[in-house]
Amino acid sequence: MIGPRLVAALVATAGLGGCATSDVLLLPGENGASAGAVAVIDEKSGNDSAVLAQANERARLSSGRISPRTVNPTRIPRRDRRLIEDLPPPPKHFTLNFQEDSTRLMADSAPVLVDLIAEVRRRDGVDVLVIGHTDRLGSAEDNDALSLKRAQQIREVLITQGLDPASTRAVGRGERDMLVATADGMRAAANRRVEVVVR
Amino acid sequence: MRRLLVFALLATIASSPAFAEIGRIKRVMGAAVVERGTARLPATVGGTVEQGDVVATGKDGRVSITFSDNTRFSAGPGSRIALSEYRFDDTTRKGAFVTRVDRGSLAIVSGQIAHESRDAMKVRTPTSLLGVRGTRFVVNVR
């Protein structure tokens, strides 16, 4: 027999269930990196009402006072651990070097290209950003064109190796982003490069 | 002035298709969809996501995404997550990223947007606004 009191209690519980409760758990950074921080922002003032800045701090997000607590990492719920395991792998970066005023690869970059192709094949739902650079020999305009040509060439290689053209983009940055800072007009082998981000 | 604004908006729309992609789906398990306007697209590995999309998973659904600023997401079962705002300039590495978690669970590793400017990345839950200052965390909304 369900009495009116029990019904009222059930309704109240359902009401509470409908009101969302949330929490946030800050984890250690990847590969030993520091944890960083997550702030709970008070929207009226724009100030922080709480800050989680230690690894394994958890805070319940309610409208009242928020007090982060450190949890034992071994007691992090299975469902949270599963979420972390399901994160995509970190993007991987490759650098290929080029001969002077040329789209020809340096010999020692050939194995890097082999590794790059293997990484592109290994990843599910892969997308690849190819960024070309030059040193500061020659005019800025010529270097814009050369950097783009270098990037396009690597992009073409990846497409020939089976990468979907819609999944890769080539851009040229000319002599703007020097790896080694030099004066204008200077040769610098390290700056003649294509950087590839495999996501 | 107003005409200029309208023109600017139109110009933005016209040029947006080429830049619409903000991230790629890397992993899908169980039931998962991407809601784009009135369309409900099945989530597929290699599929793209755009600003304004809502990622929704069923009881057994899971979706993982990598964004163009290298931010990574993993959404758990029973989730509803809106990619409300996303801007990223891959030259300056500055931008803004606002995600709304209506329900479910989301693990995040923040990327260049959060790294470059304080609170450029935010996560909204039904009760709170979070400023992301790096790097790896989990949000649950029940």
Identify all residues within region A:44-61 that are within 11 Å of B:Gly131 (Cα to Cα) and either without any contact (Cβ under 8 Å) to a residue 12 or more places away in the chain or part of a loop (DSSP other than H, G, I, E, B) (or both); write none if there are none.
-> A:Gly46, A:Asn47, A:Asp48
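Would it be correct to say that A:Ala166 is among the small types (Gly, Ala, Ser), open to solvent by 50 Å² or more (accessible area, probe 1.4 Å), closer than 20 Å to B:Thr48 by Cα and within 24 Å of the chain's Cα centre (by Cα)?
Here the answer is yes, as A:Ala166 does meet what is asked.
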Six or more apart or on different chains, Cβ under 9 Å: which pairs go from a residue in region B:20-33 that's within 12 Å of chain A (Cβ to nearest Cβ) to one that's of a type in the set (Phe, Trp, Tyr) and open to solvent by 30 Å² or more (accessible area, probe 1.4 Å)? Could you list them?
-> B:Ile22/B:Phe88
Which numbered condition A:Val196 fails, given (1) over 22 Å from the mean Cα position of the chain (by Cα); (2) outside any loop (DSSP other than H, G, I, E, B) = (1)
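Which one of A:Ala8, A:Ala37, A:Ala20 is modelled with pLDDT of 90 or more and surrounded by 10 or more Cβ atoms within 10 Å (Cβ to Cβ)?
Result of the check over A:Ala8, A:Ala37, A:Ala20: A:Ala37.
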Of the numbered conditions (1) part of a helix (DSSP H, G or I); (2) away from every other protein chain (no Cβ under 14 Å); (3) exposed (fewer than 13 other Cβ atoms within 10 Å of the Cβ), A:Ile117 fails exactly one; give the number of that condition.
-> (3)
Single unsatisfied condition, B:Met121 versus (1) free of Cβ contacts under 8 Å to residues at least 40 places away in the same chain; (2) open to solvent by less than 20 Å² (accessible area, probe 1.4 Å) = (1)
Subset of region A:41-70 (residues that are more than 9 Å from every other protein chain (Cβ to nearest Cβ) and loosely packed, with under 15 Cβ neighbours inside 10 Å) | A:Lys44, A:Ser45, A:Gly46, A:Asn47, A:Gln54, A:Gly64, A:Arg65, A:Ser67, A:Arg69, A:Thr70
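The values are calculated or read from the model by the stated rules, or taken from the named source; none is laboratory data. Because the structure is predicted, anything quoted here is derived from the model rather than measured. FYI the Cβ positions are ideal-geometry reconstructions off the backbone, even for glycines, and counts take in every protein chain you see. Remember, those area values only see protein heavy atoms, side chains included, never the ligands or the DNA or RNA. Shrake-Rupley method; radii C 1.70, N 1.55, O 1.52, S 1.80 Å.
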